[in-house]
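Below is one structure, written out as structure tokens; comments come after it.
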Amino acid sequence: MNKQTGTLAQKKYTLFTPRQLLWLIVPIVIEQIFSTSLGFVDSLLVSNMPGTEALRSNASNAIGNVDYINHFIIQLFSAFATGGSIVTSQMLGAGDKEGANKVAKQLLMLVTFLSLGICGVCLILNRPILRLFYGNVADSTFAYQRTYFYVTAASFPFIGVFNAAAALLRAQRKSVSSMTSAAMSCTMNIVLDAFFLFVLKLGVLGAALATLFCRIIPAVYLLYLLQNKRNTVSVRLFERFRFDPQMLHAILKLAIPSGVESSLFQLGKLFTNTFVNIGVYATGPHSLPRVNEAGELIHINIQANGNTIANQVNNFSSVVGSGIGTACLTVIGQSVGAGDPDQVRHYMKRMLILSYIANGICVGLILLFMPAITDLYGYTEEAKEIARHCLRFCLSFQFITYPLSFTIPGILKATSDVKYVMWVAVTSMFVTRVGLAFLLTTDLIPGMPQLGAFGYWVGMCSDWVVRSVFFSARLLSGRWRRASGLLKEQQ
């Protein structure tokens, strides 16, 4: 209480100064931009590589399709890294550096074994997996998908190591390191893509090899940095190791719900993307007849091409919000570990405000430059116009709903309230996004409109609205305190 004015003095929190928040968030956002650009660059350059229009269209569409599967699998690695990052951040906030170091080693080994296993499964079951999701695409597109999936699946162990190492470095506020590695990856991808596609003319194989190489080097680089003994959290790779059941339980308690939520979220996106690739859009009035490299008459699925453009451009519009959500794992996690509920609420508000400001700027810039960005693709003008129509619609929703539907879940996860996030995200995904997209795209239900790519985005925006309502209600209710353990401390 201020004796002179009789007002309550505002409590100051210094766990993260504004400068420290800036140095944590900005590198994460830049890292997200670089990481997002990998699939974007592959698809963009392939859509402009030498060859017929039909060849470029089918090859680029194949890369976009496989990227959905890759993102689905990568979310598993990311979820385990998230679980370990939350536990590590909370331990650091509580001052338990020894425990944080032990968790780091457990996390790294767990993700390594998991990624090796998934890599093996995808290499062996390449064809059945692709048939499951994209069995009715054109034969040439399917062949390109097999090539791209084979090579990129070989990079999964390196992606797993990268995600785990990056999460552990961010937990100790070293986000510049992961940003640097992502910059290396992006630069290598552009150079190798140009060399393989335009010099060696390897087509889809070249794009896949560029992606593989640009994932190996950054993973090795981050692993090297993580071994530095001067770090608050470091990992000794060649020390004797055995899994600790108690620590694995602590990681998996957070990782499994996050993994279910993230993976099923990506699976829902994968399902909805297949709706736009179904036969009703591959032939007839929704497609364009063209002659392929063999002189055969084929049809170009302009709805699928337009959807590929819209998805890749939209990924850039959401990188800032996604980056702030990732930063929440460190900021809110360390606040929870410090054990002060008021401090946790203070940083929750600050992160949400930052998310709204940054998201608004990013979405505004994408809207401004959208025509120029979509013109970079070597697709037909009809496909580009479909993409612009979808982007105008979804970006208008994103201004309001994205921080509520994606930053708040990051905040809740950092408090260990992962089960609520999982149930809401999964239910909303399959009821609104998948359900509506199916109704608005399929020709299996008489009388329903066939909106193509636009139906996909109607379902997506509806999902954002539902997530916003439920996650906002959870945050305002204060029930997250029970999962975080702060409620017990107050009693």
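The values are calculated or read from the model by the stated rules, or taken from the named source; none is laboratory data. No experiment lies behind these values; they were computed from the predicted model shown. Quick reminder, even Gly has a Cβ in these numbers, built from the backbone with ideal geometry, and neighbours come from all protein chains shown.
What's the number of the condition ALA255 fails, among (1) within 23 Å of the chain's Cα centre (by Cα); (2) surrounded by fewer than 22 Cβ atoms within 10 Å (Cβ to Cβ)?
(2)
Among (1) assigned to a helix (DSSP H, G or I); (2) hydrophobic (A, V, I, L, M, F, W, C); (3) closer than 27 Å to SER60 by Cβ, which single condition is LEU110 missing?
Here LEU110 meets the rest and fails (3).
Mind checking whether some residue in segment 41-57 is touching an Asp or Glu at 6+ places or on another chain (Cβ under 7 Å) and within 28 Å of ALA327 (Cβ to Cβ)?
Within segment 41-57, one or more residues are touching an Asp or Glu at 6+ places or on another chain (Cβ under 7 Å) and within 28 Å of ALA327 (Cβ to Cβ).
Yes or no: segment 103-111 includes at least one residue that is among the basic types (Lys, Arg) and closer than 30 Å to THR415 by Cα.
Within segment 103-111, one or more residues are among the basic types (Lys, Arg) and closer than 30 Å to THR415 by Cα.
Of all residues in segment 220-260, which are within 30 Å of MET184 (Cα to Cα) and in a helix (DSSP H, G or I)?
Result: VAL220, TYR221, LEU222, LEU223, TYR224, LEU225, LEU226, ILE251, ALA255, SER258, GLY259.
Which of the helices (runs of 4 or more DSSP H) contained wholly in segment 382-491 include at least 3 residues that are closer than 30 Å to ARG345 by Cβ?
408-414, 418-428, 453-477, 480-484, 486-490
Looking only at segment 17-73, how many residues end up being buried (at least 21 other Cβ atoms within 10 Å of the Cβ) and not in a helix (DSSP H, G or I)?
So the answer is 2.
Any residue that is within 20 Å of the chain's Cα centre (by Cα) and part of a loop (DSSP other than H, G, I, E, B) - is there at least one of those in segment 149-163?
yes
Does THR326 meet the test of being under 23 Å from the mean Cα position of the chain (by Cα) and modelled with pLDDT of 85 or more?
For THR326, the condition - under 23 Å from the mean Cα position of the chain (by Cα) and modelled with pLDDT of 85 or more - is not met.
Could you please find all residues in segment 187-235 being within 13 Å of VAL151 (Cβ to Cβ) and of a type in the set (Ser, Thr, Tyr)?
Across segment 187-235, the qualifying residue is only THR211.
With the condition kept exactly as written, say whether any residue in segment 168-190 is in a helix (DSSP H, G or I), among the small types (Gly, Ala, Ser), surrounded by 18 or more Cβ atoms within 10 Å (Cβ to Cβ) and over 20 Å from the mean Cα position of the chain (by Cα).
No; the residues of segment 168-190 include none that is in a helix (DSSP H, G or I), among the small types (Gly, Ala, Ser), surrounded by 18 or more Cβ atoms within 10 Å (Cβ to Cβ) and over 20 Å from the mean Cα position of the chain (by Cα).
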